[in-house]
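To start, the structure itself, in structure tokens.
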Amino acid sequence: MNRSTRIKEKSPVLDALIWLVMLLVLLACIVPFLYIIAMSFSSSRAILNNRVSLWPVGFNTEAYRQVFAYPNFFRAYRNTLFYTGFGTLIALTMMVIFAYPLSKSRLKGQPIVMKMVVFSMFFGGGLVPNYLLLTSLRLTGTVFAMLLPFAINQFNLIILINFIKTIPDELEEAARIDGLNYFGILVRIILPLLTAAIATVGLYTAVFFWNDWFYSLIYLKSDQYPVMLLLRNIVNGTTMVGEAGGVGENASVAIAIKSAVIITSTLPIILLYPFLQKYFVKGMLVGAVKG
């Protein structure tokens with residue numbers, strides 16, 4: 001019996017094992033999320049009595065009413081949409097323009113620049129030098145303090161570089177024969193073939209801008225805060241209320257509000273992921289294997 005025959009005989013068992021592992025991973029991701037949803041829609045009495053599992057008990061939306069009634073909540077959501085949308089657009093534009101020349105090993109100085117990119121992945125100036133730099137550039141207190149400093153991520157840049165390297169050079173040579181310059185080649189040849197990589201990098205970048213609250217707290221003014229920072233303040237406030245109330249009604253209300261905050265902050269980005277999943281998987285495989 002040759003090796004290929006043995007592999008075919010074992011494939012049903014391996015398939016079953018793979019499906020089992022995938023099912024366990026899926027349950028590990030979904031069950032906590034369902035529990036949080038149930039807590040956010042349950043009554044404080046049900047939470048206090050530990051009656052909530054994966055289905056709401058004493059259904060009510062009071063926790064969401066309190067979250068939505070928080071001052072400046074919708075303005076913070078608008079700020080987050082602005083940072084996520086424009087931040088991702090600026091980041092993708094700059095990284096594509098940077099990745100295209102770095103994908104050409106024949107470019108003079110390319111190895112040195114690539115070493116600098118990799119070096120900057122592991123060593124940075126730190127928080128204080130970055131803050132002093134942004135202050136000297138007069139960016140603190142403006143939306144550009146969130147949009148510009150995080151426009152280029154080294155890991156995402158390397159994914160784009162490795163993806164562009166997989167595109168045959170013959171396509172560019174044919175485009176140059178037809179009279180296109182390098183900018184025209186980038187726009188009309190390279191970009192249409194970068195759909196998977198752009199979706200992957202775009203998702204990473206959008207998640208970063210959506211989840212950020214720390215840099216917003218440092219660089220922005222209160223009326224420019226994103227929703228994550230506002231929700232963090234809500235969580236801190238409800239935590240103090242819950243601690244002051246011990247294990248009574250206040251504590252159960254605080255748990256419901258924190259659950260509603262988690263759902264409110266994560267649901268939009270979760271709904272976006274299924275539309276980008278097929279591109280995300282392809283982009284990650286190319287970025288990890290090639291180069």
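The values are calculated or read from the model by the stated rules, or taken from the named source; none is laboratory data. For clarity, every value in this text was computed on a predicted model and none was experimentally measured. Counting neighbours? That spans all protein chains shown, and the Cβs are built from the backbone with ideal geometry, glycine included.
I'd like the residue in segment 182-238 that is among the charged types (D, E, K, R) and surrounded by 16 or more Cβ atoms within 10 Å (Cβ to Cβ) and, out of all such residues, is nearest to residue 84 (Cα to Cα). Checking each candidate, the answer is 212. If the condition is being touching a helix residue (DSSP H, G or I) at 6+ places or on another chain (Cβ under 8 Å) and either assigned to a helix (DSSP H, G or I) or crowded, with 20+ Cβ neighbours inside 10 Å (or both), then segment 44-67 contributes 44, 45, 47, 48, 52, 62, 63, 64, 66, 67. The residues of segment 179-194 that are assigned to a helix (DSSP H, G or I) and either closer than 19 Å to residue 268 by Cβ or touching a helix residue (DSSP H, G or I) at 6+ places or on another chain (Cβ under 9 Å) (or both), listed by number, are 182, 184, 185, 186, 188, 189, 190, 191, 193.
Yes/no per residue for (1) touching a Pro at 6+ places or on another chain (Cβ under 8 Å); (2) at pLDDT 80 or above:
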site	(1), (2)
6	no, no
9	no, no
15	no, yes
20	no, yes
28	no, yes
42	yes, yes
47	no, yes
57	no, yes
66	no, yes
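Among the residues examined, residue 81 does not qualify as buried (at least 17 other Cβ atoms within 10 Å of the Cβ), among the aliphatic types (A, V, I, L, M) and within 27 Å of residue 220 (Cβ to Cβ). Scanning segment 89-113 for residues that are part of a helix (DSSP H, G or I), surrounded by fewer than 16 Cβ atoms within 10 Å (Cβ to Cβ), among the aliphatic types (A, V, I, L, M) and free of Cβ contacts under 8 Å to residues at least 60 places away in the same chain yields 89, 94, 112, 113. For segment 136-166, filtering for residues that are in contact (Cβ under 8 Å) with a residue 24 or more places away in the chain and loosely packed, with under 13 Cβ neighbours inside 10 Å leaves 1.
Does residue 163 satisfy the criteria of being at pLDDT 90 or above, within 22 Å of the chain's Cα centre (by Cα) and either in a helix (DSSP H, G or I) or under 20 Å from residue 102 (Cβ atoms) (or both)? So residue 163 does not fit the description; no. Residue 243: loosely packed, with under 14 Cβ neighbours inside 10 Å, charged (D, E, K, R) and either under 11 Å from residue 47 (Cβ atoms) or modelled with pLDDT under 70 (or both), yes or no? Considered against the rule, which asks whether it is loosely packed, with under 14 Cβ neighbours inside 10 Å, charged (D, E, K, R) and either under 11 Å from residue 47 (Cβ atoms) or modelled with pLDDT under 70 (or both), residue 243 comes out as yes.
Within segment 195-217, can one find any residue that is assigned to a helix (DSSP H, G or I), farther than 30 Å from residue 270 by Cβ and out of contact with any Pro (no Cβ under 6 Å at 6 or more places or on another chain)? No, segment 195-217 contains no residue that is assigned to a helix (DSSP H, G or I), farther than 30 Å from residue 270 by Cβ and out of contact with any Pro (no Cβ under 6 Å at 6 or more places or on another chain).
Of the numbered criteria (1) crowded, with 16+ Cβ neighbours inside 10 Å; (2) of a type outside the set (D, E, K, R); (3) part of a helix (DSSP H, G or I), the one residue 133 fails is (1).
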